[in-house]
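Everything on this sheet refers to the single structure shown next.
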Amino acid sequence: MPELPDVETFRRYLESTVLRKKVKGVDVKSLQILDGVSADKLCEKLVSKEFLGARRYGKYLFANVEDEFWLVFHFGMTGSLKYFKEMEDEPEHDRFLITFENGFHLAFDCQRKFGRIAVTPKVEDYIKKKRLGADALEVDFKSFKRLLESRRGSAKSTLMNQQVIAGVGNIYSDEILYQSGIHPKTKMNTLSEDNLKSIFSNMKRILKIAIEHRANPDELPGTYLIPNRSEGAKCPKCSGEVKTLKMNGRTAYFCPSCQKQ
Ligand SMILES: [Zn+2]
C-alpha cells in the first residue's frame, strides 16, 4: 500500500513527466474511483489545460492545474502512475487515463480500485476536509510530542492514524517501531520523552532514506525490517525470528527480542 515515500516518488515522477503539456482528452475507465466529481465535469475541467506543479501531503498527491484547481490522487491499496506513449504500454488496471497533445498518456493504475481521484480549489481545504494530521515529513518534534503523548491507543495504531500523523501506514510504522525498539502494542501515553524522540528521529530518517531509494523495498538497507517482512525471516539485529501479529485487521511485523512489551 503506497505510503509517504511512495507518494513522494509519484510526485517527483509526475513533475518529471507531465508538466506544461496540454491535456487533449480524459478517459475515466472506472467511475468508482471518482470522489465528489463526475466524469463529465472532470473532463471539462482538464481538457486544454496544463499541469504546473505537484504537492504531496501525507499519502495524498495534488497536481496543480493552471493555478485554477488541484487534481487529487489517493493511491488506496494498489495505485500507481505511469507515463507512456504507445497504448500497448498501458498498464493492465488503468482506471483513469489522461492523453496529452504530444501523444503521451498518464494512467492511474489501480488493481483493487481503492484509489481515488478528486478535485479541490485549494490543497489546504482538502487537508481540512479530510481532517489530516501533521505531515510526517514536515512535523517538528514539539508538535509531534503534543499530538502523540496523551494518546491511549497503541504506538502502531497511533502512528498509522492519518488524523494524527499523515503519511505513515502499516509498513513504515513497523519499521519506525522496530528501529526504535518499541513493541507495536505499547500504549502511546506510556512512552517516555526519550522514546518519543527516538520514534520521531527514526521516522524522519527512515522516510528520507526510503524516498532516496524511490520507496523500493529491495533497495533499502539490509539492517531494515522492511526487506525482512516474511514468515520465518531473521531479525537483522539479533538473528531472532521476526514475528507477526494482527492489529486492526492489518499484519504487523516485529522482533519480540528487540521490541519488548
Ligand atoms: Zn531482533
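The values are calculated or read from the model by the stated rules, or taken from the named source; none is laboratory data. Note that the structure is a prediction, hence the values are computed from the model and not measured. Heads up, the Cβs are rebuilt from the backbone with ideal geometry, glycines too, and the neighbour counts pull from every protein chain shown. Only protein heavy atoms, including side chains, enter the accessible area calculation; ligands, DNA and RNA are left aside. Shrake-Rupley method; radii C 1.70, N 1.55, O 1.52, S 1.80 Å.
Observations on the model:
- Subset tally (residues that are open to solvent by less than 20 Å² (accessible area, probe 1.4 Å) and in contact with a Phe, Trp or Tyr (Cβ under 8 Å, 6 or more places away or on another chain)) for region 106-133: 10
- Within the set Phe51, Phe62, the sole residue that is closer than 15 Å to Ile117 by Cβ and touching a residue at least 40 places away in the same chain (Cβ under 8 Å) turns out to be Phe62.
- Residue pairs whose Cβ atoms lie under 7 Å apart, sitting 6 or more positions apart in sequence or on different chains, and linking a residue in region 232-261 that is more than 8 Å from the ligand (Cβ to nearest atom) to a partner that is of a type in the set (Lys, Arg) and open to solvent by less than 60 Å² (accessible area, probe 1.4 Å), are Met247/Lys156; Ala252/Lys156; Tyr253/Arg229.
This table checks each residue for (1) modelled with pLDDT under 95; (2) in a strand (DSSP E or B); (3) on the phi < 0 side of the Ramachandran plot; (4) of a type in the set (Asp, Glu).
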residue	(1), (2), (3), (4)
Asp218	yes, no, yes, yes
Glu231	yes, no, yes, yes
Lys237	no, no, yes, no
Lys246	no, yes, yes, no
Ala252	no, yes, yes, no
Cys258	no, no, yes, no
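- Tally, over region 152-191, of residues that are open to solvent by 50 Å² or more (accessible area, probe 1.4 Å) and free of Cβ contacts under 8 Å to residues at least 60 places away in the same chain: 6
- Being surrounded by fewer than 20 Cβ atoms within 10 Å (Cβ to Cβ) and under 20 Å from the mean Cα position of the chain (by Cα) holds for only one residue in Ile199, Ile211, and it is Ile211.
- Scanning region 216-249 for residues that are under 20 Å from Leu4 (Cβ atoms) and open to solvent by 30 Å² or more (accessible area, probe 1.4 Å) turns up Asn216, Pro217, Asp218, Glu219, Pro221, Pro227, Arg229, Asn248.
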